[in-house]
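Colleague: Handing you this structure, nothing more for now.
The values are calculated or read from the model by the stated rules, or taken from the named source; none is laboratory data. Quick caveat: nothing in here was measured; it's all calculated off a predicted structure. We place every Cβ from the backbone using ideal geometry, glycine too, and count neighbours over all the protein chains shown.
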Amino acid sequence: MGGNCQILLINVILYTKLFGDCFVKRNYGVQFLGIGSALPSKVVKNADLEKLFDTNDEWIYSRTGIRERRVVDKDESGLSLALEASKQALENSKLNPEDIDLIIVCTATPDMLYPSLSCMLQGELGASKAVSFDLSAACSGFIFGLVTASQYIYSGAFKNVLVVGVDVHSRFLDWSERSVSILFGDGAGAMVLSSCDVNNDELLGFVIKSESDKKLDLTLTNNNVHFADLSKNIEANFVKMNGKAIYQFAVDVVPSVVNELLEKTSMKSFDVDYFVPHQANKRIIDMAAKKLGFEESKVVSNIDKVGNTSAASIPLAIHHAILNKQIKFPCTMVLVGFGAGLTWGSALVKLNLKSV
Ligand code: ACO
């Protein structure tokens, strides 16, 4: 009896040490097979915003690091962006749409409340064997999506999973107001994950967190008809943000969650090849990199060209860096996201994409 208990305890300790704090038996590992991204065609430069309200390129660039962003035109949508990014990721993975078992679309700005963007995407792709759902974690969406996908792969439930981060915030911005609309851009990024031998797992660790934004510092409402008050005018749904509070939240949680992940995976920042933070503000990115000890050459950023693309931001930044030949494979990357909810999280991944 005592001997059996001891063996059980040793097993628990071993699993905990190897696989994190959850007692989950892994049957498979996760391998990253492909990546893709898409941006709308319309470029909106800071100078274009000067025509809408009292602002200027110097103010926007010095406070945020953003020079321009892309916004959807009438013939574009979250679906068209997600479709383009997914097609690239599938081609890159050398998989067909019918090979995909699960599609997770991470978005806070779906084209419709239902049908979900993921089901629409499944149909457009012709991923006839997949099951699809949307995941809502705002700008942390892609990290939460990767972690969710990995659990299905670890358990053996699904083999090939498409994870898409896509947001079209331009439809939810008050374009007469300068404090929030300067920050966001539209875009999509996609990755294909597949199962592999448990010893070749490329998701080396993760930490995800959330808490209630009780003060409602970052909101996007979903106001509509209220039966109790049918005579009332419907208020438009716009992103509202207490910029200073969210800035403080980001500078607190980004270094702390990355440090927790590094400790959990017994890594130091100098062991990691690239740091890929959510592209919300260049000042937050620079401060986090400095606090964590990532040299400038390791920091992946495209915020100057795309702004804050929310759930698309991390895969979009990785894909652009690969296309710009900034990434050498194989490599390790720390990804970190934060956003509304409040939500935040970080993942340590190994990337060895063969052809992009
Ligand atoms: N152009 C010119 N002036 C402006 C603009 C603008 N676009 N916006 C604000 N100002 C003015 C203000 O009116 C204010 O003027 P005053 O001093 O005369 O009152 C002054 O500039 C300073 O404004 P602040 O709001 O204090 O500017 P701050 O330095 O805080 O920067 C910013 C604002 C860039 C929004 C910053 O707070 C920030 O980056 N916050 C974090 C944003 C973020 O990361 N969001 C993540 C969202 S993720 C998600 O999940 C959706």
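Colleague: Taking the range 38-71 as the region of interest, how many residues are under 19 Å from the mean Cα position of the chain (by Cα) and either among the aliphatic types (A, V, I, L, M) or over 16 Å from Thr309 (Cβ atoms) (or both)?
Modeller: Total satisfying the criteria: 4.
Colleague: Inside the range 22-91, counting only strands (runs of 3 or more DSSP E) that do not spill past its ends, which hold 2 or more residues that are within 16 Å of the ligand (Cβ to nearest atom)?
Modeller: Of the strands (runs of 3 or more DSSP E) lying wholly inside the range 22-91, those with at least 2 residues that are within 16 Å of the ligand (Cβ to nearest atom) span 42-45, 68-71.
Colleague: Among the residues of the range 158-169 satisfying the criterion of being outside any loop (DSSP other than H, G, I, E, B) and within 13 Å of the ligand (Cβ to nearest atom), which is surrounded by the most Cβ atoms within 10 Å (Cβ to Cβ)?
Modeller: By that ranking, first place goes to Gly165.
Colleague: Would you be able to tell me the number of residues in the range 214-248 that are among the aromatic types (Phe, Trp, Tyr), under 24 Å from the mean Cα position of the chain (by Cα) and either outside any loop (DSSP other than H, G, I, E, B) or away from the ligand (no atom under 16 Å from the Cβ) (or both)?
Modeller: Residues meeting the conditions: 1.
Colleague: Still on this model: Quick one: count up the residues across the range 180-213 that are within 16 Å of the ligand (Cβ to nearest atom), of a type outside the set (Ser, Thr, Tyr) and either buried (at least 21 other Cβ atoms within 10 Å of the Cβ) or in the same structural domain as Val306 (by TED's automatic domain parsing) (or both).
Modeller: 12
Colleague: Any residue at all in the range 138-157 that is over 22 Å from Leu39 (Cβ atoms), within 16 Å of the ligand (Cβ to nearest atom) and either polar (S, T, N, Q) or part of a helix (DSSP H, G or I) (or both)?
Modeller: yes
Colleague: Here is a further query. Wholly within the range 278-353, which helices (runs of 4 or more DSSP H) include no fewer than the required count, namely at least 2 residues that are within 18 Å of Thr148 (Cα to Cα) and outside the structural domain of Gly145 (by TED's automatic domain parsing)?
Modeller: Correct list: 313-323.
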